[in-house]
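Participant: Below is one structure. I have some questions about it.
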Amino acid sequence: MKIVIAATPAPGHVNPMLGIARILLAEGHDVLAFTGRAFQQRIEALGATFRPIPASADQDVVDPFSKYPEFKTLPPGLELLRVILERLFVDHIPAQHRGLEQVLREVPADIVIGDDCFLGLLPTLLGPRSGRPPVVCFGTSILHWPREDGAPDFLGLPPAASPAEHAATIRDHDRIVHQPLAQRLDQCLKELGLGSLASPPFETMVRLADTYWQLTVPSFEFARPLPSSVKFIGTPPIVPNQVPIPPWAGDLDGKRKVVLVTQGTVANHDFNLLITPTLAALAEQPDLLVVVTAGGRPVEDIPGPIPANARLASYLPFEWILPRADVFVTNGGYGSVNQAMRFGIPLVCAGLTEDKADVNMRVGWSEVGINLKTNAPTPKALRDAVRTVLASEKFRRRALLMSEEFRMIDTRGEIIRDIGRLSQNAGVDPRAASIRAK
């Protein structure tokens, strides 16, 4: 079959896309990936065909904030959340959609797959079901589905007994984020000849997709009624050998506990937020080896001094380092958190931007690690958290139980079965009409 996969041009979205593409290619399918130019070499190395998204919807993966300097100056909060959702996702809908439509005219796809944040798929999903191939979405972030306590996404709000507990925050979110975002979205959809949505855009992706693969396990999400199309399929295996093993690999000889540290690839414009304070926190801990990945930036950008027990790399092969790590210090990227849990590694999390507040809240809620609930932790807070996680049987046990839950899911088998089933589907999906605003 011919399968087109569209992915937001950022590592947290493209990495799972590569894992899915690798599975499909091994089954003999023709796969075309539609994403940013920075990922062309990795896509073609798998044996897939590459098509670039329009330049206006692409971004610099080394400095993703270069097009949006306000991201660096606005503090974490509702205004920054609104700006990020507008600039990175909603504003790109027309260009993404038109580019995808051009690809589909050239390649008669049997199935289209897209990540949850590739909103260029929304216009396709809003059209007649009989006029498009089956669409699968894969969730590279928290599951975008209404919570029973009414809490909005992206704010890191813990579960509450009733919406009343979050009433003030819900009102502020509606005024500062939801209403302005809906107006901006309406303009983008109007440009494409479409009407307003009756629900938020990410939730609509969940509602309308023929199948929605959430890339985690049920224990990392709140229990609530979900559409039958939503499936928890674990996380795709990491594509191996994408970067070489570092020259200091021999230092991981088992004599010291290994603390892996990352700020990801989006919110790593300022290493002083997490990497620098972690290095300072653990500098005088001779029983620890602190391994830092700079998310693609040069290691020379990490402010000094660099402690003797630290080892740095621009990128690290996660399939190599994760089995050797004893604790994972992260700002809360969804993909890396799930990969860490897959390997049974307890976490220390500190991050409030993008979806990280919600990811990190789930880390604390599920007891697989400690959520420091800040975007700029102090060295003392980090040192205490790392030591607590390393010394606590509770976190290690919960992480191992989560790892077992991942092992019980046949991710490859789920993907293959769904692709086979969807390739035979035809007819109109009755959900589509109910989602479009009247």
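Participant: Starting from the 7 Å offset along Cα-to-Cβ, what nm value, one decimal, do you get for the label separation of E44 and Q183?
Facilitator: Modelled inter-label distance: 4.5 nm.
Participant: Using amide H atoms built in the peptide plane, which far-off residues or other-chain residues are under 5 Å from K373 H to H?
Facilitator: Amide H neighbours of K373, under 5 Å, 5+ apart: G351.
Participant: May I ask you to evaluate 6.51 cos²θ - 1.76 cosθ + 1.60, the Karplus curve with θ = phi - 60°, for each residue of region 226-237 and list the ³J(HN,Hα) values in order in whole Hz, giving x for glycine and proline?
Facilitator: Those phi angles translate into 10, x, 5, 6, 7, 10, 8, 10, x, 10, x, x Hz.
Participant: Could you tell me which of rounded, prolate or oblate describes region 249-407, using a ≥ b ≥ c as the square roots of the eigenvalues of the alpha-carbon gyration tensor, with rounded for a/c under 1.5 and, failing that, prolate when a/b is larger than b/c and oblate otherwise?
Facilitator: Rounded, since a/c falls under 1.5.
Participant: Kindly give the semi-axes, whole Å and largest first, of the ellipsoid equivalent to the chain, taking each as the square root of 5 times a Cα gyration tensor eigenvalue.
Facilitator: Sorted largest first and rounded, they come to 34, 25, 21 Å.
Participant: Next up: Could you tell me the calculated FRET efficiency between D63 and D174, based on Cβ-Cβ distance and R0 = 30 angstrom, to the nearest 0.05?
Facilitator: That gives a FRET efficiency of 0.35.
Participant: At a Förster distance of 45 Å, what's the computed FRET efficiency of R105 paired with M408, Cβ-Cβ distance as r, to 0.05?
Facilitator: Once the sixth-power term is evaluated, E becomes 0.60.
Participant: Moving on to the next point. Compute the length gained on full extension between R387 and I416: take 0.36 nm times their separation in residues and subtract their Cα-Cα distance, giving the result in nm to one decimal.
Facilitator: Extending this stretch completely gives an extra 6.3 nm.
Participant: Quick one: compute the contact order of region 249-407, relative version, from alpha carbon pairs under 8 angstrom and 6+ residues apart, as a percent. Don't jump to the answer; show the numbers that get you there.
Facilitator: Working: 304 pairs, mean separation 36.0, N = 159.
Answer for region 249-407 is 23 percent.
Participant: Also, I was wondering about something else. Sort 110-120, 368-378 for me by packing, meaning the mean count of neighbouring Cβ atoms within 10 Å per residue, highest on top.
Facilitator: 110-120, 368-378
Participant: What number, rounded to the nearest 500 deg cm²/dmol, is the helix-based mean residue ellipticity at 222 nm of the chain, given -39500 (n - 2.57) per DSSP H run of at least four residues and division by all its residues?
Facilitator: Working: 17 runs with 158 residues, N = 438.
When only DSSP H runs of four or more count, the value is -10500 deg cm²/dmol.
Participant: Take each of the peptides 400-406, 288-294, 71-77, average the number of other beta-carbon atoms within 10 Å over its residues, and list them starting from the highest.
Facilitator: 288-294, 400-406, 71-77
Participant: Taking the mean number of other Cβ atoms within 10 Å as a proxy for protection, how do you rank 324-335, 91-102 from highest to lowest?
Facilitator: Going from most to least packed, we get 324-335, 91-102.
Participant: Set the Förster radius R0 to 51 Å, insert the Cβ-Cβ distance between V299 and A223 as r into 1/(1 + (r/R0)^6), and round the FRET efficiency to 0.05.
Facilitator: With a Förster radius of 51 Å, E is 0.75.
Participant: Could you list which residues have their amide H under 5 Å from that of T49, counting only those 5 or more apart in sequence or on another chain, with H placed in the peptide plane?
Facilitator: Sorted by chain and number, the residues that satisfy this are V31, L32, A33.
Participant: In whole Hz and in residue order, list the ³J(HN,Hα) couplings for region 304-318 that follow from phi through the Karplus curve 6.51 cos²θ - 1.76 cosθ + 1.60, θ = phi - 60°; x for Gly and Pro.
Facilitator: x, x, 8, x, 5, 8, 9, 10, 10, 8, 5, 10, 10, x, 5
Participant: Full extension from I306 to T378: what is 0.36 nm times the residue separation minus their Cα-Cα distance, to one decimal in nm?
Facilitator: 24.2 nm
Participant: Let me ask another. What residues qualify as long-range amide H neighbours of V291, i.e. H under 5 Å apart, gap of 5 or more or another chain, H built at 1.01 Å from N?
Facilitator: For V291, the qualifying residues are V259, L260, V261, R311.
Participant: Report the label-to-label distance for R397 and E367 in nanometres (one decimal), using points 7 Å from each Cα along the Cα→Cβ vector.
Facilitator: Output for this residue pair reads 0.7 nm.
Throughout, read-outs are computed from the coordinates displayed, never taken from laboratory work. Note that the structure is a prediction, hence the values are computed from the model and not measured. Here the Cβ is made from the backbone with ideal geometry for all residues, glycine too, and neighbour counts use every protein chain on show.
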